[in-house]
Amino acid sequence: MSYTRQQIEKAVKSKGFVWFNSSKDYDVNIVGVRNLKSGKKVTNEFDDALTLSYKVNGIWQFHEWTITTEPGKKPTEILRGSKGVAR
């Protein structure tokens, strides 16, 4: 996954969520993006994204990291407790 700050901002606003856009430094937007292509399949991969957007001296800064929001195959399929697995 690879996004731009503009894509993330547009998606956040289209869902009716607040996008911090003040001139104040470090007014941070933290946005996670799930990979929905895998459906309910456990991929055992880092296939989601976490983005960080903020201004410093009026200039946008944007960072993106590859992450996972799934616990993986072993906890999901092998070690699952009676109450399920945290996600």
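The values are calculated or read from the model by the stated rules, or taken from the named source; none is laboratory data. Note that this is a predicted model, so its numbers are computed, not measured. Because the Cβ atoms are built from the backbone with ideal geometry, glycine has one as well, and the counts that use them run over all protein chains shown.
Examine the range 44-58 for a residue that is of a type in the set (A, V, I, L, M, F, W, C), exposed (fewer than 10 other Cβ atoms within 10 Å of the Cβ) and touching an Asp or Glu at 6+ places or on another chain (Cβ under 8 Å), and state whether such a residue exists. Looking for residues that are of a type in the set (A, V, I, L, M, F, W, C), exposed (fewer than 10 other Cβ atoms within 10 Å of the Cβ) and touching an Asp or Glu at 6+ places or on another chain (Cβ under 8 Å), one finds at least one in the range 44-58, hence yes.
Of the listed requirements (1) in a strand (DSSP E or B); (2) within 16 Å of the chain's Cα centre (by Cα); (3) modelled with pLDDT of 95 or more, Lys10 misses just one: (1). Selection of the range 32-56 for residues being more than 14 Å from Glu9 (Cβ to Cβ) and modelled with pLDDT of 95 or more yields Leu50, Val56.
Restricting attention to the range 57-75, the residues that are out of contact with any Gly (no Cβ under 9 Å at 6 or more places or on another chain), at pLDDT below 85 and β-branched (Val, Ile, Thr) total 1.
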